[in-house]
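This report concerns only the one structure given below.
Coordinate-derived values only; no laboratory data. Since the structure is predicted, the reported quantities are computational estimates derived from the model, not experimental observations. Neighbour counts run over all protein chains shown; Cβ positions are idealised from the backbone, glycine included.
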Amino acid sequence: MTSPASHTPPLTAPMILLMSLATGLAVASNYYAQPLLHTIGEQFSLSNAAAGGIVTTAQLSYAAGLMLLVPLGDMYERRGLIVLMTLLSSASLLVSAFAPNITVLMLGTALTGMLSVVAQILVPFAATLALPHERGKAVGTVMSGLLLGILLARTFAGVLADLGSWRTVYWVASLLMLAMSAVLWRVLPRHQSQAGLSYPRLLGSILRMFVDEPLFRARSILGALLFAAFSMLWTPLTFLLSSPPYSYNTTTIGLFGLAGAAGAFAANRFGRLADRGLANLATRVGLLLLLGSWGLMAFGQASVLALLAGILLQDLAIQGVHVTNTSCIYPLRPEARSRLTAGYMTSYFIGGASGSLVSSWLYSHFGWTGVVAAGAALGVITLAYGTLSPSARVPETALSPIRA
């Protein structure tokens, strides 16, 4: 009997562009607060560490959504699920826009974080629709949208906050998500997944894959280390740039996202390396670049050029290895790509939340020097694990299936 999935139309160029835009817009919802931490902290009389808790809340709720909501992509019709979550995300942004106090803002942040994982349903959907020999490229393109969303969210939020207020950011974001839900409903094809599992068994199967698939487990740990490094930079960066000698406003702070956005364009190239069976090489190159980025950022308090170069290099490295990771794990269980994404990205954002929490504390107690020292130490650990752990390396016999 022919499955419904076999009648799904292939991934077209306009469709992958839309999925990339939707992924970026969805994940951006979780990052608008970062350049606004100083402003929000002043309005609600928060310390830097307490304001940094907004980012930690966003990332922990995203991790919860990854584990609880993303597996539904292997259970329900994907277009309907994506559109529903996009609509609900639009509503949750309004909670933050209306927030009269920090408690309600945290609630809105948590709801938005959970629902913005719709981005991680779009990524495996693109992998499913893509032709096998173009899967790495397709994933890389959609992941470019994801990183651009994370980084340009800062620019977008900084400019809008100066034009209006920090609440203006959430109003406009809500309207954009509402419009995107209508476009997704019209353009995306219907696709009924055939997992054949109950919801509890679906969740349990994710844990089982961590046990049964060493490569999946190792690449998830590597992802957690990567995003911990990412958050160790971006969470305290707002405090650095809003303080002397820089004393930048929110618009200028937001513009720093443009430097990191250049790294998003590495995604396609790293995805193509994985398609060619060069995933291990791509991983080594990316992790060496990550370590080198902290050397540049050591001069960040005195030189804005060194800071910008370090940001660009770090985002290029993190995005490149992230795309390589996903290209490595998707061939392991083609019928369970949403669950693979859920497990991997849950690890990813637990790492991110840990990085935010630690870096806020480090900045409060040891300043930028403490943040850079910890980031460099984490870079060494990540490089050692990614290059020396046998489980993290893709076996030679598995390189051809990545292409196919």
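May I ask for the net charge around Leu233, where only other residues with Cβ less than 13 Å from the Cβ of Leu233 are counted and Lys, Arg are +1 while Asp, Glu are -1?
Neighbourhood net charge equals 0.
Can you give the local net charge around Tyr344? Use residues other than it whose beta-carbon is closer than 13 angstrom to its beta-carbon, Lys and Arg +1, Asp and Glu -1. Could the numbers behind the result be given before it?
Values: positive: Arg217, Arg219, Arg333, Arg337, Arg339; negative: Glu213.
Counting the neighbours of Tyr344, the net charge comes to +4.
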Practice prompt. Could you point to the label whose value was computed as P(r) over Cα pairs in 20 Å bins from 0, in percent for the structure here, given (i) 26, 52, 19, 3, 0; (ii) 28, 56, 15, 0; (iii) 30, 59, 10, 0?
Written response: (iii)
Fill in: Neighbour-limited loop hits for chymotrypsin sites (Phe, Trp or Tyr not before Pro), segment 175-257 (at most 16 other Cβ within 10 Å; DSSP other than H, G, I, E, B)
Tyr246
Worksheet item: What angle, in degrees between 0 and 90 and rounded to the nearest 10, separates the Cα long axis of helix 166-187 from the longest principal axis of the Cα atoms of the chain?
Response: 10 degrees
Discussion item. Distance between the C-alpha centers of segment 122-170 and segment 304-380? Whole Å please.
Written reply: 16 Å
Discussion item. Tell me the angle of helix 78-98 to the major Cα principal axis of the chain, expressed in degrees between 0 and 90 and rounded to the nearest ten.
Written reply: 10 degrees
Discussion item. Could you tell me the relative contact order of the chain? Use alpha-carbon pairs under 8 Å, at least six residues apart, and round to a whole percent.
Written reply: 26 percent
Worksheet item: When the chain is treated as a GNM, springs tying every alpha-carbon pair under 10 Å, which of Ala353, Ala298, Ala119 comes out with the largest mean-square fluctuation?
Response: Ala298
Fill in: In Å, descending, principal axis extents of the Cα set of segment 4-72
56, 26, 12
Worksheet, complete the sentence: Rounded to one decimal in nm, the spacing of the 7 Å Cα→Cβ label points at Asn249 and Ala182 is 3.3 nm
Discussion item. Taking every alpha carbon pair in segment 77-195, what does the distance histogram look like in 10 angstrom bins from 0, in percent?
Written reply: 13, 38, 33, 13, 3, 0
Worksheet, complete the sentence: Given backbone amide H placed at 1.01 Å from N, residues whose amide H is under 5 Å from that of Glu77, ignoring those fewer than 5 places away on the same chain, are Ser193
